[in-house]
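Okay, so here's the structure we're looking at.
The values are calculated or read from the model by the stated rules, or taken from the named source; none is laboratory data. Here the structure is a predicted model, which means the values were calculated and not measured. Quick reminder, even Gly has a Cβ in these numbers, built from the backbone with ideal geometry, and neighbours come from all protein chains shown.
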Amino acid sequence: GAGVSQSPSNKVTEKGKDVELRCDPISGHTALYWYRQSLGQGLEFLIYFQGNSAPDKSGLPSDRFSAERTGGSVSTLTIQRTQQEDSAVYLCASSLTYTGSQYFGPGTRLLVL
Amino acid sequence: AQSVTQPDIHITVSEGASLELRCNYSYGATPYLFWYVQSPGQGLQLLLKYFSGDTLVQGIKGFEAEFKRSQSSFNLRKPSVHWSDAAEYFCAVGDNNAGNMLTFGGGTRLMVKP
């Protein structure tokens with residue numbers, strides 16, 4: 001079946017602009033996660049959604065970062081007023097339940113100039 | 001807070017040789033443990049996982065890992081490496097009290113010599 005998909009695959013933006021990154025999880029998966037992979041920080045957890053519960057935002061690095069999940073499926077990660085240190089690969093993962101294995105999408109590579 | 005250490009940043013092995021990638025974790029309870037592989041420009045692919053039960057777990061592509069509670073380790077092994085195994089490998093621990101969010105090690109880059 002179809003895996004996790006993310007769009008765009010690459011995004012180049014100018015410092016100060018807002019960006020939106022999209023994640024389509026595996027159909028039927030109730031849990032959705034966002035991670036960031038950068039050279040300096042490695043792989044970091046950002047935010048987690050489980051069903052209709054309030055998201056766990058404990059990993060978001062600043063209030064410029066936000067995410068939503070509509071209808072329990074597609075999720076959008078928004079970064080406002082981008083900074084150069086936001087340059088990274090943003091990875092989305094989903095799992096059948098919050099105790100299950102996480103399956104990752106191919107990522108969105110963000111470059112902030 | 002949980003943490004994961006992968007002591008080897010780079011490892012080079014000859015094709016056909018055996019492989020062991022080390023992983024040590026810190027977690028207060030029985031952990032959920034994972035190994036993922038990432039090829040250049042790709043996302044993370046799950047190799048295997050440990051939740052409970054048998055401490056030796058089998059995964060895809062001929063990989064296995066052994067959970068040793070006394071050593072807080074979850075080392076990944078393969079008896080005979082293929083050139084296509086060259087990639088970066090990440091060990092992770094899931095916080096089963098917090099939605100299973102993953103904490104990753106820094107990764108080990110594997111190179112395979114012909």
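Of the strands (runs of 3 or more DSSP E) lying entirely inside the stretch A:9-90, those containing at least 1 residues that are under 22 Å from A:Gln102 (Cα atoms) span A:19-24, A:31-38, A:42-50, A:65-69, A:75-79. Answer yes or no: is there a residue in the stretch A:45-56 that is over 25 Å from A:Leu111 (Cβ atoms) and of a type in the set (Phe, Trp, Tyr). Yes: the stretch A:45-56 contains one or more residues that are over 25 Å from A:Leu111 (Cβ atoms) and of a type in the set (Phe, Trp, Tyr). From the list B:Thr5, B:Thr108, B:Thr103, pick out the single residue that is buried (at least 16 other Cβ atoms within 10 Å of the Cβ), of a type in the set (S, T, N, Q) and within 12 Å of the chain's Cα centre (by Cα). Within the list B:Thr5, B:Thr108, B:Thr103, the selection yields B:Thr108. Within the stretch A:98-112, if we keep just the residues that are facing chain B (nearest Cβ under 7 Å) and in a loop (DSSP other than H, G, I, E, B), the residue that is surrounded by the fewest Cβ atoms within 10 Å (Cβ to Cβ) turns out to be A:Thr99. Looking only at residues of the stretch B:30-60 that are modelled with pLDDT under 95 and small (Gly, Ala, Ser), we find that the one that is surrounded by the most Cβ atoms within 10 Å (Cβ to Cβ) is B:Gly43. Does the stretch A:73-96 contain any residue that is within 11 Å of another protein chain (Cβ to nearest Cβ), of a type in the set (Asp, Glu) and surrounded by 12 or more Cβ atoms within 10 Å (Cβ to Cβ)? No, there is no match, as no residue in the stretch A:73-96 is within 11 Å of another protein chain (Cβ to nearest Cβ), of a type in the set (Asp, Glu) and surrounded by 12 or more Cβ atoms within 10 Å (Cβ to Cβ).
Step by step: first the residues of the stretch A:46-72, then only those that are modelled with pLDDT under 90 and away from every other protein chain (no Cβ under 12 Å), then the one that is farthest from A:Thr13 (Cα to Cα). Which residue is that? If we take residues in the stretch A:46-72 being modelled with pLDDT under 90 and away from every other protein chain (no Cβ under 12 Å), then A:Asn52 is farthest from A:Thr13 (Cα to Cα).
Results for (1) out of contact with any strand residue (DSSP E or B) (no Cβ under 7 Å at 6 or more places or on another chain); (2) of a type outside the set (Val, Ile, Thr); (3) part of a helix (DSSP H, G or I), shown as yes or no for each residue.
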position	(1), (2), (3)
B:Tyr25	no, yes, no
B:Thr30	yes, no, no
B:Gly41	yes, yes, no
B:Leu47	no, yes, no
B:Gly53	yes, yes, no
B:Val57	no, no, no
B:Phe74	no, yes, no
B:Gly94	no, yes, no
B:Ala98	no, yes, no
